[in-house]
1. Only one residue in Asp96, Asp102, Asp86, Asp110 is closer than 23 Å to Ala227 by Cβ, of a type in the set (D, E, K, R) and touching a strand residue (DSSP E or B) at 6+ places or on another chain (Cβ under 8 Å). Which one?
2. Please find, within segment 160-172, the residue that is nearest to the chain's Cα centre (by Cα) out of those that are part of a loop (DSSP other than H, G, I, E, B), touching a residue at least 24 places away in the same chain (Cβ under 8 Å) and more than 18 Å from Ala220 (Cα to Cα).
3. Taking segment 214-238, which residues are under 24 Å from Arg24 (Cα atoms) and surrounded by 14 or more Cβ atoms within 10 Å (Cβ to Cβ)?
4. Just to be sure before I move on: is Val67 closer than 25 Å to Leu213 by Cβ, buried (at least 24 other Cβ atoms within 10 Å of the Cβ) and modelled with pLDDT of 95 or more in the structure I sent?
5. Please list, ordered by first then second residue, the pairs with beta carbon atoms under 6 Å, 6 or more apart or interchain, first in segment 75-104 and under 13 Å from Pro17 (Cβ atoms), second among the hydroxyl-bearing types (Ser, Thr, Tyr) and not in a helix (DSSP H, G or I).
6. Failed condition for Thr73, given (1) surrounded by 20 or more Cβ atoms within 10 Å (Cβ to Cβ); (2) more than 16 Å from Asp110 (Cβ to Cβ); (3) not aliphatic (A, V, I, L, M), with all others met?
7. Yes or no: Ala74 more than 20 Å from Thr135 (Cβ to Cβ) and in a loop (DSSP other than H, G, I, E, B)?
8. When Ala218 is evaluated against the numbered criteria (1) without any contact (Cβ under 8 Å) to a residue 12 or more places away in the chain; (2) in a helix (DSSP H, G or I); (3) among the hydrophobic types (A, V, I, L, M, F, W, C), which criterion, by number, is the only one it fails?
Amino acid sequence: MTAPVSPPPSNPIVVIPARMASTRLPGKPLADILGVPMIVHVLRRAMEAEIGPVIVACAEKEIAKAVEAAGGTAVLTRPDHPSGSDRIFEAVSLIDPDGQYDAVVNVQGDLPTIEPAVVRAAFAPLSDPAVDIATLVVPITREEERTDPNVVKAVLELAPSAKRGRALYFTRATAPWGEGDLYHHIGLYAYRRAALERYVRLPPSVLEQRERLEQLRALAFGLRIDAAVVDAVPLGVDTPADLERARTLLARRFSL
């Protein structure tokens, strides 16, 4: 007997998790970029993707106030969630208890320069009814990143020149062995609603705890993850230097 598959999602929502706590850049959702809080830039990029409605799932009232002042929608969530996935699940459960939204795209709140096309690329693999979770990868081009444990590698079953493949594993090690491309995993996800609900209820897996990679929990319990290949890693703002770079990039974009 073949396993049942779900139809492609037809009513997705985009959720941006955000919280003020940050070791290297405290309060970063409200960091000023060209006179606008960073979280509002992320909100605008996500809206430009035109996937569906966009909400910010935030842990603090200050973030909600900034989002609403910009005309966006914010949902206050518990401050103690262990991950962004847990935060977005609570937010979607609060605003849509009847399950009308059948897919959730999780855009990290520290990606103010992300291209809308990249957000759309993260959602696209869910068109395959066998896929539970979709994500993104970029080919590694810098030699030092092949062995850097901070660069998470996605091990994909990916045909030559293909732009999407099934994820078999994620690791901080250099993998797979042999000639060929290595792929840098980008932590931007799209979930079928049922897959997200199942994922947040699962216990941590052994390999997840060993590698410190939450996506391994999904693989350990049989959820299928497919990854789309994109051209560049979006700038994640984690430090003051990253913030300055984001200001420069957006100033250049808006001046064109």
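The values are calculated or read from the model by the stated rules, or taken from the named source; none is laboratory data. Treat the numbers as computed from the prediction; the structure is a model and nothing was measured. Counting neighbours? That spans all protein chains shown, and the Cβs are built from the backbone with ideal geometry, glycine included.
1. Asp102
2. Within segment 160-172, the match that is nearest to the chain's Cα centre (by Cα) is Lys163.
3. Within segment 214-238, Glu214, Gln215, Val233, Pro234, Leu235, Gly236, Val237, Asp238 qualify.
4. It is false that Val67 is closer than 25 Å to Leu213 by Cβ, buried (at least 24 other Cβ atoms within 10 Å of the Cβ) and modelled with pLDDT of 95 or more.
5. Arg87/Thr77; Glu90/Thr77; Ala91/Thr77; Val104/Tyr191
6. (1)
7. no
8. Looking at each condition in turn, Ala218 falls short on (1).
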